[in-house]
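The next block holds one structure in the form of structure tokens; read it before the comments.
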Amino acid sequence: MSYKISTRLQYGSVTLLLYTCVFLSSCSSSNKPVNPTNMPVPVNLYTLHMQAANYYDEYPGNVVALSQVDLRAEVEGYITGIYFTEGEHIRKGQKLYEIDKRKYQASYDQASANVKVAEANLDQMQKDADRYIYLNQHDAVAKQTLDHAMTSLANAKNQLAAAKQDMVRAQTDLKFSSITAPFDGTIGLSQVKLGTLASPGQTILNTVSTDDPMAVDFVVNEKQVGRFIKLQQFGSKPGDSLFTIITPDNNVYQYPGKISVIDRGIDPQTGTIKIRLVFPNQQSGLRAGMSCIVRVHNQDTKDQMIIPSKAIVEQMGEYFVFVAKDTVLPEPKDKKEEQKGPAPHLKASQKKVNLGQTIGANVIVKTGLDEGDRVIVDGVQKLRDGSVIMVAEKPAGGAGAH
């Protein structure tokens, strides 16, 4: 019985071994690995050469008014007059609002009358004092009487001064009952209506802002401060397009601007500094609060290395390109492989680059490439360092192909 079991186990082991060998042989023949480096990848090349770069550095900006104030009531009372059209251009000193002035007019009239009474009293005290001074010089009046006259004269003078201050205060309140434009500009939507009760220092009546010229604020990295200081010192000539803006409708604003102010210091939290430009605004095309794109024209006249942006490969925050390198491949041992076509003689070499400004479909390369390098611009997704390549028939786009 044990002999039969042993024989069956041996027979089963041999059968399993045979099946295993057949399976491995089948897998080896059907899934033979292919070396991807032996298969040329079709690419297009761009021969790098130095050329002039005409471009703009762009920054997000905001349109702001050079001057802007909230109109507030300085005295209490009901709004009895509104003398402007909302959104219109106003002139300095133009009357805008009126607060019920009746009680302020009455207070001023009373204060003015008190001044006249004090002036008359002072005149009488002055005459009495002059009379007693004369009599005292001839020993015709008691000393005490003269002293009382001089004290009354001093009190009369003080009363007149106090009455004049009361009149000034009443006159100021009367003046504040009429609100006028502090400068030329544009007035916004009224925050109060006729009959609204205005509280002094609290009720905002409206907002007025200057409208010509207008300012545009934007921020730059602290590393660029020196550049903009030079641009400010250099200034801009009439018609110069050194500073332009793109409005929200994607149109270039018709007037160029110039640097007005560079902020006093760097923001320590962001490492940036604010710069203010000013632009003419005769046609009111710019409004406070509008967003825009600030364009600073490149002033570097040196030729740059420019390549198509699609040639760039990003890896972990770093940028690379592939360039074509000539190489000699070993002769194929199998004559059948040789008959399939000519052996490729180019390989892809990966290079790390530092990029500059993007110009449309192209980008400036600061370092990492040399003039004359043949940059691969198509098929980079299929490449790795050392991949065999061949030039495709399809021409490359972008900056040019060769």
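The values are calculated or read from the model by the stated rules, or taken from the named source; none is laboratory data. What you are looking at is a predicted structure, and each value in this text was computed from that prediction instead of being measured. The protein model used for the area step is the full one, side chains on, heavy atoms only, and it has no ligands, DNA or RNA in it. Shrake-Rupley method; radii C 1.70, N 1.55, O 1.52, S 1.80 Å.
With every protein chain in place and a 1.4 angstrom probe, the accessible-area ranking of ILE359, ILE79, largest first, reads ILE359, ILE79. Computed with a 1.4 Å probe on the full set of protein chains, the accessible area for HIS297 sits at about 40 Å².
Couplings 3J(HN,Hα) of region 371-378, computed from phi: 4, x, 4, 9, 8, 7, 10, 10 Hz, in residue order, whole Hz [Karplus 6.51 cos²θ - 1.76 cosθ + 1.60, θ = phi - 60°; x for Gly and Pro]. Taking 0.36 nm per residue of separation and subtracting the Cα-Cα distance, full extension of the segment from LYS116 to THR85 would add 7.0 nm.
Taking only protein heavy atoms and a 1.4 Å probe, the accessible area of region 260-308 is 45% carbon and sulfur. Do any of LYS175/LYS274; LYS258/LYS352; LYS223/LYS351; LYS223/LYS325; LYS127/LYS164; LYS92/LYS157 go past 29 Å between their Cα atoms, and which? Over 29 Å apart, Cα to Cα: LYS175/LYS274; LYS258/LYS352; LYS223/LYS325; LYS92/LYS157. Solvent-accessible surface (1.4 Å probe) assigned to ASP100 amounts to roughly 40 Å². Full extension of the chain between TYR319 and GLN165 yields a length gain of 47.9 nm, computed as 0.36 nm times the residue separation minus the alpha carbon distance.
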